[in-house]
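Novice: My structure is below; once you've seen it, I'll send some questions.
The values are calculated or read from the model by the stated rules, or taken from the named source; none is laboratory data. What you see is a predicted model; the values in this text were computed from it and never measured. Neighbour counts are summed over all protein chains in view; Cβ atoms, including those assigned to glycine, are modelled from backbone coordinates with ideal geometry.
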Amino acid sequence: MGTSWITLSTGWSLSKVQAALNFIISFLGTVAIWACSRYWWQRGGKKVLEREKSQAEVPLPKILNLAGPGDGFDAFMLLRWKIFSRPNISLLFQLLVILIISSALTFAGPLAQVSLRSTQVVRLQDLQVLKAHKSGGRFGNSLNDNVKWNSTMESLNKANFPYDQLLNVLPPPDVPWTYRSNEWDPVWRAECSFHGETLLDNLEATGVDPIVNALDAFPQYRSTYNASWLNRSEIRSQSYFNGETSFTGGKYLVKDLFLWFVLQSDPIVNDRMRTNTEPMKISISALHLKNFSVDVRDDATQAGVNAWRPTGVVTNASYSRVECNIKKKPGVTGGDSLPWVWSNDTYSLTQAYRANWFRTLSEASLRNETVIPPTPHQLFRFYQAYVIATNTWQPFPGGPVTQRLSVWKDTVQLSTACLVFLLFLLLLDSWLSVRYAWFLRRNKQKLKKTFIPDGKTDWMLHCAKLAAHEAQTEQFQDNRGPKDRDYFRRASFGNVMDPELGIKGLARVYASPNITARSKSDASTLASPTPRIIVQTDGTNDVMPTPELNPSPSPTVSFGSTGLSTASTMNEGANSIHSPGSRASSVTFCLTPSALDTPKVMQDGPKLTPASPSASIQSEQAAKETI
């Protein structure tokens, strides 16, 4: 795990995690927008509640909360550049928060994509492995097992298995295991020296010795070995070859030839092949010869390989070699159940090298491509694969064993920056939600009585409640008060019910006339369609035609209790929207019982009292008006 990435799980696919992260970002962002709007409503509502006793007003921008980019756009189009003024700084901050969160929601998909990556991590896992043991007796070998050799070498390369030891067990080649030194305790360790491709200039054959005895046939190549490797009493020499030849002008020409040499401690000495305890010296070499002649002697008394005798100078010659001292770990006992490196069948080892590289080298030669000899590390890697393949050729008497090894696992990682962003949204949502819930719980009764609008629906409901209180018609037969949904469902918007009211073309919210009367007298009164305007002066009421109202514009609009005596016509504590102005000369909309839903205009005198018990909330006009 890097410092900027966090591993999530090894059992989830990248596509599933991306889909889940996309949903989480969208969900947290949506909740964040809602929580922020509740926060700003709470700030404005708190000011309304604090100023209720002093009858002070709260400017509308203070209680306006934005619930999305659309509300933000509407607010900006309404205020234009005034939104950057000091009184509207809170509204501007709301807009910026909404834009940031909305942008995150818009790009939730790309954010999820760049914040995740598919990678691999190492985890410990119990694997069924093949245990190395004495398999095949003293002639233990592994012939023509190319598939197992190559799969084992590929597995060792992927696992970065070191070149300083032989395997105790063979993990499954289809499992992406990896080498960790603390998980392996090798019985046999190897100290190797690797010699890369070395050119041999003017390599010349004796023309006497057969090619199978290459050390004698090419004296110059023989001289590349240390004298200790040529001690025939201690070292066994084995070689084999493969190549491409042609017959031209009565001569055999060798196009490409590979000679595989194995020089190792003689397994017969001290009965090493049976005891499997003594150290082993081994040298493995690949000699590549290109373009030279051979003399084929048809001699029935000799084997076919002895009939090929190289002659003349070799055009190009090079070799690669690895030399190792393999030692057993001191104090290890176990007999035949331990990895077995000694074998009397050294010939099969050279045959195995020939078989493993035969096709690759031959095809390159036939296509006239550059033939690349194996590297010394490849030579020893094959030796590791060959030995473990030989040691597991027959199943272990107890069957496969379980060993805990490190295994590469596909996993999905999350960016630390994205995690911090998600945690920030989660904490923000939690804090604002708890704060909002606590505010509602603490001020439940005050909020129910005051009814501070929150969002578009609440503002529509606020107008519907004002219209219903003006009409004083809401009454249920079972004497239960109406619910918010009843106000909302029974209200309508327009100016068709009273075209003479207010500014020409300005519509308003009306309460539905579909109500239940309390008594017969109320019913007869409510049935009267005659609208009236009440003008009160010195305690007398006069009826006069409805004039046309031409209110003058107001610089600001506030929200709160009006402070007028006529406010008693509403439920106690209710607020309204009004423009500040002279309280001695204000215009109030009211309804008499005979007017039902038709609002009229009443001019306040020095002492204002309700026109009738059914009069309701007033909507003040800012400028001084006369009727």
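Novice: Give the range 308-359 a look and list any residue that's farther than 24 Å from Pro373 by Cβ, under 48 Å from the mean Cα position of the chain (by Cα) and hydrophobic (A, V, I, L, M, F, W, C), or say none.
Specialist: If the condition is that a residue be farther than 24 Å from Pro373 by Cβ, under 48 Å from the mean Cα position of the chain (by Cα) and hydrophobic (A, V, I, L, M, F, W, C), then Leu338 is the only one that fits.
Novice: Separate question: In the list Thr346, Thr311, Thr277, Thr333, which residue meets the criterion of being without any contact (Cβ under 8 Å) to a residue 12 or more places away in the chain, assigned by TED's automatic domain parsing to the domain that holds Phe218 and among the β-branched types (Val, Ile, Thr)?
Specialist: None of the other options fit; the residue is Thr333.
For every residue, the table says whether it meets (1) surrounded by fewer than 13 Cβ atoms within 10 Å (Cβ to Cβ); (2) closer than 25 Å to Ala317 by Cα.
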{"position": "Ser228", "(1), (2)": "yes, yes"}
{"position": "Phe241", "(1), (2)": "no, yes"}
{"position": "Glu244", "(1), (2)": "no, yes"}
{"position": "Val262", "(1), (2)": "no, yes"}
{"position": "Ile268", "(1), (2)": "yes, no"}
{"position": "Arg274", "(1), (2)": "no, no"}
{"position": "Ile282", "(1), (2)": "no, yes"}
{"position": "Ala286", "(1), (2)": "no, yes"}
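Novice: So which residues in the range 184-212 are more than 51 Å from the chain's Cα centre (by Cα), assigned to a loop (DSSP other than H, G, I, E, B) and surrounded by 13 or more Cβ atoms within 10 Å (Cβ to Cβ), if there are any at all?
Specialist: Scanning the range 184-212 gives Leu200, Leu203, Ala205, Thr206, Gly207, Asp209, Pro210, Ile211, Val212.
Novice: Among the residues of the range 324-341 satisfying the criterion of being in contact with a Pro (Cβ under 9 Å, 6 or more places away or on another chain) and surrounded by 21 or more Cβ atoms within 10 Å (Cβ to Cβ), which is farthest from Asp209 (Cα to Cα)?
Specialist: The residue in question is Pro339.
Novice: If Trp34 satisfies every condition in (1) of a type in the set (Phe, Trp, Tyr); (2) without any contact (Cβ under 8 Å) to a residue 12 or more places away in the chain; (3) surrounded by 15 or more Cβ atoms within 10 Å (Cβ to Cβ) but one, which is the exception?
Specialist: The number of the failed condition is (2).
Novice: Here's another thing I want to ask about it. Could you list all residues from the range 176-197 that are hydrophobic (A, V, I, L, M, F, W, C), under 27 Å from Arg321 (Cβ atoms) and out of contact with any Asp or Glu (no Cβ under 6 Å at 6 or more places or on another chain)?
Specialist: Trp184, Val187, Trp188, Cys192, Phe194
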